[in-house]
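Just below is one structure, and these are the notes that go with it.
The values are calculated or read from the model by the stated rules, or taken from the named source; none is laboratory data. Keep in mind the model is a prediction, meaning the values are calculated, not measured. Here Cβ is always computed from backbone atoms with ideal geometry, including for glycine, and neighbour counts include all displayed protein chains. Areas reflect the complete protein model, heavy atoms only, side chains present, ligands, DNA and RNA absent. Shrake-Rupley method; radii C 1.70, N 1.55, O 1.52, S 1.80 Å.
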Amino acid sequence: MSDIIEKLIQKNPGESEFHQAAEEVIKTVQPVIDANPKYHEERILERVLEPERLISFKVEWTDDRGRVHINKGFRVEMNSALGPYKGGLRFHPSVNQSILKFLGFEQVFKNALTTLPLGGGKGGSDFDPKGRSDREVMSFCQAFMSELFRHIGAFTDVPAGDIGVGGREIGYLFGTYKKIKNEFTGVLTGKGLGWGGSVLRPEATGYGLIYFANNMVKANGDSLEGKTCIVSGSGNVALYAIEKLNSLGAKVISASDSSGYIYDEAGIDSDKLAYLMELKFAKRGRISEYAEKYSEANYFAVDRSMDHNPLWKLKADCAFPCATQNEINDIDAQNLVNNGVKIVGEGANMPTSLGGIDIIQKSGALFAPAKASNAGGVATSGFEMTQNRMGLYWKKEEVDARLQEVMKSIHDTSLQVAEKYGKPGDYVSGSNMAAFEKVAEAMVSQGVN
Ligand code: NDP
Ligand code: 2IT
């Protein structure tokens, strides 16, 4: 195992996020490899660590004042053993090859858990949509798609949204693809409801996270009702997670963005959440404005040079990190545990450091890993692809029932596989092993190619 990690670091120098995501999987799937010597003989682990295709391109566009900008564009087509490459696009200044390889790698296993025929990929750009006009975002999206289009397709690679890519960006990207290819196909998911999108896709990641957490607490004879929760982020995943927590009778006392967090001891109730959705989705405002509107809430700017984030020092029963990778480091995890956290559910991708996961699991708290708990978004993307192929729309009740079924299946499978391989209650090992087994079986069947 350690020689695989060593070689990975040697072959992919400086890609710390990719190393971290790989290490978590490598360290947990050994029992599956021991039970299936052919996975070892056919070097499945090493093969799954290498992207099938890594596309990197230049994106040139002009802003409203006619100035020229140059950005990097990427698509990592990680693994297609189970279906067409599937995974989001991230537009954020921090985007680089390491981050997209970690996200693509995670996506392969997450997608395997959904029960749907989906391979894994991820893409994006270091473009920062913050502060840009709609016209500038359109100009960037058109330039980005004018290269990406030749690599994707409804049966080849189907991107969707992620950080910085929501309904607006998917609209501009889809419009450009349709024009260049002269075809109206399900090449992207997260489309608008009137033009091929699925009902509940925007809500699906946040709702799915809370469905997963609900399954987890129920399996332990408890419920989310009356629980106090910390949520981080104030984007797509965070806000719909808050909505679902409220509907299950939990109380959410925080939300955040990259500048800081708000603490509202009384809870972000449905009226306040409606304000927050308007603020973040329509006005693209900052979380600090919440505390200006509601005097009972306080805003705290976060100094990123600190060794911990005070958000995770709030006292709560549950914590749902829904912003970005590595937002809970070892110290943050210890702070959560010291305050008696009972449930941690990952909405973001890889929000917890490897040491942090260990600290939380050893404390006896329930820990829901991202690949399992945030898979509701991509699962609903899978439903969108199915609806597009059939040329019809499912009703909200049907999509919601299917989403709940997928989250229950991921929960139960993770638990069963963990138990089977001697790791009872360990959702990290269980979900990694279940996903790895599925991808490995397909790769063995499809041969070396
Ligand atoms: P959004 O762009 O809608 O929201 C992102 C939120 O996270 C914003 O509040 C943003 O604050 C905050 N954030 C982003 N980067 C940082 C950072 N470096 N430090 C602190 N806060 C940050 O994205 P989503 O809600 O879609 O995505 C959130 C997470 O969930 C990501 O990890 C994503 O990969 C994951 N995810 C998303 C899915 C989806 O369907 N959208 C599916 C599964 C996982 P600010 O506005 O200041 O940047
Ligand atoms: O991380 C993720 O699962 C996503 N950003 C959603 C991917 C998708 O294809 O819907």
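The mean sequence distance of close C-alpha pairs (under 8 Å, at least 6 residues apart), as a share of the length of the range 114-176, puts its relative contact order at 41 percent.
The mean sequence separation of alpha-carbon pairs under 8 Å and at least six residues apart, normalised by the residue count of the chain, gives a relative contact order of 15 percent. Only Cα pairs under 8 Å and 6+ residues apart enter the sum, and on that basis the relative contact order of the range 366-449 stands at 29 percent.
Heavy-atom accessible area per residue, the chain, 1.4 Å probe: how many Å²?
40 Å²
3J(HN,Hα) along the range 39-54, derived from phi through the Karplus expression 6.51 cos²θ - 1.76 cosθ + 1.60 where θ = phi - 60°, amounts to 5, 6, 4, 8, 6, 4, 4, 5, 5, 6, 7, 9, x, 5, 8, 10 Hz, with x in place of Gly and Pro. Rounded to the nearest 20 debye, the dipole magnitude of the range 1-144 is 420 debye, with +1 charges on Lys and Arg beta carbons, -1 on Asp and Glu beta carbons, and the Cα centre as origin.
Farthest toward the positive end of the dipole of the chain, out of Ile360, Gln20, Pro51, is the Cα of Pro51, where the dipole comes from beta carbon charges about the Cα centre.
Place a +1 charge on the Cβ of each Lys and Arg in the range 1-67 and a -1 charge on the Cβ of each Asp and Glu, then give the dipole magnitude about the Cα centre in debye, rounded to the nearest 20.
200 debye
Of the residues Val302, Val237, Val25, the one that moves most in a GNM of the chain with alpha-carbon contacts below 10 Å is Val302.
Loop-located trypsin sites (Lys or Arg not before Pro) across the range 1-108 with a Cβ neighbour count of 15 or fewer within 10 Å are Arg43, Arg65, Arg67, with loop assigned by DSSP.
Taking 7 Å steps out from each Cα toward its Cβ at Ser56 and Val444 produces label points 3.5 nm apart. Length available on full extension from Ser288 to Ser94: 0.36 nm per residue minus the Cα-Cα distance, which gives 67.6 nm. What Cys residues in the chain are without a partner cysteine, judged by a Cβ distance under 4.7 Å? Those would be Cys141, Cys322, since no other cysteine Cβ in the chain comes under 4.7 Å of theirs. Across the range 329-343, computed HN-Hα scalar couplings (Karplus, 6.51 cos²θ - 1.76 cosθ + 1.60, θ = phi - 60°) run 8, 4, 5, 4, 4, 5, 4, 4, 5, 4, 8, x, 4, 10, 9 Hz from first to last residue, x flagging Gly and Pro. When the chain is described by a simple charge dipole with +1 on each Lys and Arg Cβ and -1 on each Asp and Glu Cβ, the residue from Leu188, Val252, Ser295 located farthest towards its positive end is Leu188. A full extension of the chain between Ser409 and Leu193 corresponds to an added length of 75.1 nm, given 0.36 nm per residue minus the alpha carbon distance.
In the range 235-331, which trypsin sites (Lys or Arg not before Pro) fall in coil by DSSP and have 15 or fewer other Cβ atoms within 10 Å? Those satisfying the criteria are Lys283, Arg284, Arg304, Lys315.
May I ask you to rank Val406, Val199 by accessible area, largest first, using a 1.4 Å probe over the protein chains only? Before the final figure, lay out the partial values.
Values: Val406 10, Val199 35 Å².
Order by accessible area, largest first: Val199, Val406.
Charge dipole of the range 348-449 (Cα centre as origin; +1 on each Lys and Arg Cβ, -1 on each Asp and Glu Cβ, all else neutral): 80 debye, rounded to the nearest 20.
For the chain, what class follows from the C-alpha gyration tensor (a ≥ b ≥ c being the square roots of its eigenvalues): rounded when a/c is under 1.5, otherwise prolate if a/b is larger than b/c, else oblate? Taking the square roots of the gyration eigenvalues as a ≥ b ≥ c, the chain is rounded.
Karplus-derived 3J(HN,Hα) values for the range 29-37, using 6.51 cos²θ - 1.76 cosθ + 1.60 with θ = phi - 60°, are 9, 3, x, 5, 5, 4, 7, 10, x Hz; glycine and proline are entered as x.
A simple spin-label model places the labels of Lys27 and Ala274 4.6 nm from each other, with each point 7 Å out along Cα-to-Cβ.
Taking 25 Å as R0, compute the FRET efficiency from the Cβ-Cβ separation of Asn338 and Asp34 and round it to 0.05. Taking R0 as 25 Å, the efficiency between Asn338 and Asp34 is 0.10. Could you check how much of the accessible area of the chain is carbon and sulfur, as a whole percent, using a 1.4 Å probe? Looking at the chain in its full context, I get 49 percent from C and S.
Distance between the pseudo-spin-label points of Glu41 and Asn298 (7 Å out from Cα toward the beta carbon): 6.4 nm. Between Lys130 and Asp3, the contour length at 0.36 nm per residue exceeds the alpha carbon distance by 41.5 nm.
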